[in-house]
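> Take this structure first; my questions come after.
The values are calculated or read from the model by the stated rules, or taken from the named source; none is laboratory data. Every value quoted in this text rests on a predicted model; they were computed, and no experiment measured them. Please note: Cβ atoms are built from the backbone with ideal geometry, for glycine as well, and neighbour counts cover all protein chains shown.
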Amino acid sequence: MADSFKFSGGVELSRRLRELSDKMQKKILRSGVVAGAQVIKKRAKQIARSKGIEDTGALIRNIAGKVEKQRSPEYVQINFGVRHGKPNPKAKRQDDPFYWHFHEFGTSKMAARPFMRPAFEESKEEALGAMVERVKKGLENA
């Protein structure tokens with residue numbers, strides 16, 4: 001999913017952020033992005049459950065966001081999706097939902113049951129609000 005939010009406007013917030021050190025800017029912006037991602041994550045889990053995509057629970061447990069390394073104080077990126085990786089042969093229960101994209105996009109034999117895209121579309125305004133509130137709170141505490 002390659003959508004993004006670009007927060008523009010908010011002249012007062014931008015000015016106050018620039019007055020802070022780079023380290024503090026990163027911390028505040030990072031916490032804002034994480035707050036927004038939590039809103040989308042919660043909605044994605046609700047949608048997946050409502051569509052019956054909860055066989056083992058591995059897919060639901062692995063819906064997550066990963067904040068990428070910041071290249072500059074005013075740019076924060078979070079990649080949001082389903083974590084997966086190499087199966088662990090020693091684990092009692094495999095927790096690798098490699099199959100998540102089958103549900104999201106469908107296959108030749110299975111209709112799509114998307115949960116990530118609808119979660120983003122349904123909650124992007126709420127997520128943006130959560131980000132703005134977290135940034136405001138961070139600025140108040142700085």
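> Under 9 Å between Cβ atoms, at least 6 apart or on separate chains: pull out the pairs that start in the stretch 66-91 with a residue that is in a strand (DSSP E or B) and of a type in the set (D, E, K, R) and end on any residue that is at pLDDT 75 or above and surrounded by 10 or more Cβ atoms within 10 Å (Cβ to Cβ).
66/78; 66/79; 66/80; 66/81; 66/83
> Here's another thing I want to ask about it. Answer yes if at least one residue in the stretch 88-99 is aliphatic (A, V, I, L, M), surrounded by 15 or more Cβ atoms within 10 Å (Cβ to Cβ) and farther than 30 Å from residue 20 by Cα, and no otherwise.
The answer is no; no qualifying residue exists.
> Being buried (at least 16 other Cβ atoms within 10 Å of the Cβ) and of a type in the set (D, E, K, R) is the filter here, so list the residues in the stretch 100-121 that pass it.
Those that are buried (at least 16 other Cβ atoms within 10 Å of the Cβ) and of a type in the set (D, E, K, R): 104, 113.
> Separate question: Give the residues of the stretch 3-23 that are assigned to a loop (DSSP other than H, G, I, E, B) and either within 15 Å of residue 131 (Cα to Cα) or modelled with pLDDT of 75 or more (or both), sorted by residue number.
Our first condition is that a residue be assigned to a loop (DSSP other than H, G, I, E, B); within the stretch 3-23, this holds for 3-10, 19-21.
Listed by number, the residues that qualify are 4, 5, 6, 7, 8, 9, 10, 19, 20, 21.
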